[in-house]
Structures are given as C-alpha cells and as structure tokens.
Amino acid sequence: MNKNYYKILEISSNAEIEEVKENFRRLAKKYHPDISKEKNAENKFREIIEAYEILSNPKTKQEYDESFFVPSFDKVKYDYFFDFNNKTWLKKRFKKPKKGPLLVGKVVLKAADVINVGKANVTLLVEENCKSCQGTGYYVENGFECFCTTCGGFGRYEESKTIVVYLPSLSKPKQKVTIHRVGHAGYAGGERGDMRLKLILS
C-alpha cells in the first residue's frame, strides 16, 4: 500500500501549495530530532520531508495521485479486509453480511467474587468498523475512490473495551464460557461475533 502523504502532512488531497508549505514547516519543527521530545521523532521527520518533496512538486504530486487514488475499485484485482486476529490481509472483501470473528480472552477470578458479586469487568481489544468509511476502507473524494485516511484503508480498527460478564456457577478451577454477539464487529453489516472467555479461579 502506498504511504498516505496527505495524512502525514495532515492536509486534504485538494490542499493549496501554501497549506502544504505551512503544514510542512509546522510539523518539521515539531518532529525535528534535535529538539523534539516526541516518540519516533526521527522517523516521523523523515516521513514529513519525504511527503513534502512529493506534494510540493506539481509533477511528482500528479504521479503520486495517479498511483494512490484508484479510479474504480472494480478494476482492482483484489479488494481487501484486514484480519486483526491473524495480522494479515484477507484477499476477498465480504459483499454479503458476515458475522464478526470470535473474540477470545481470559479472566482470573477470586472465588468470593463469583459467589458475592456474580459478575466481572473484562477489558479486551475489540475490532470495530471504521466510522468514517463504514468499514469499506475507502471514501469518495473529487469523484475518486481513495483509501480512507482515518483507518489507513484497513476498514477496521482495534479499540479497548470493557465488557460486563455475568458469571456462571464454576464447578472447576478452569472453565470456558461463550457469550453471544458481544465480540468483534461483523463485516458488511453482519452481526457481532461471539466472545469465548477462559475463567480461572485463583
């Protein structure tokens, strides 16, 4: 996937040259490795320079736009989704609603909590569909479909969520429980996946 130089310089694709220069100066000062206290300042600084060199030159900007913006997704060989579970791209985008992936986690409990409280708060990373592109991974701008700058074309993102789990009667020190439709978001409007928790009594 091409780097999104517009996102790096924090500008839109139709920004004027003065805005390109202004944002470059601001970000270069912010991430200059000699003065910046930001994490990965040196790498960020290099990306900013690279983006400016491309977008400040009309010829290289045009070449970049032609490679970055896709006239029609029908002409693309593959249409991808990102699978956060396996950290890989899926080669086929789901056209029909599909249930979200299974969310797996574990929680360590005290016997007193199971008996007296009867529930537990479990915090896990949950996949959600990008709100800007509704999980498609792209948006339309100036008649072109381009990778969504919010999710970077993934169509999805991971978010830390706390889920209240009502505890069953535990007959073993270790036990698995499945809770329906509280897992990862579905694809193409599909329902949420299930969550499978491993409960461990301490």
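Points worth noting:
- Maximal additional length on extending the Glu18-Gln175 stretch stands at 50.4 nm, based on 0.36 nm per residue less the C-alpha distance.
- Peptides ranked, highest mean first, by Cβ atoms within 10 Å: ranges 47-54, 17-24: 47-54, 17-24
- Each label was represented as a point 7 Å from its Cα along the Cα-to-Cβ direction; for Thr150 and Glu42 these points are 3.5 nm apart.
- Spin-label pair Glu10/Val108, simplified geometry with 7 Å Cα→Cβ offset, distance in nm: 4.1 nm
- Stretched out straight at 0.36 nm per residue, the stretch from Lys29 to Tyr166 would grow longer than its current Cα-Cα span by 44.2 nm.
Every number here is computed from the coordinates shown, using simple stated rules; none is lab data. These numbers come from a predicted model, not from an experiment. Cβ sites come from the backbone with ideal geometry, for glycine too, and all protein chains shown count toward neighbours.
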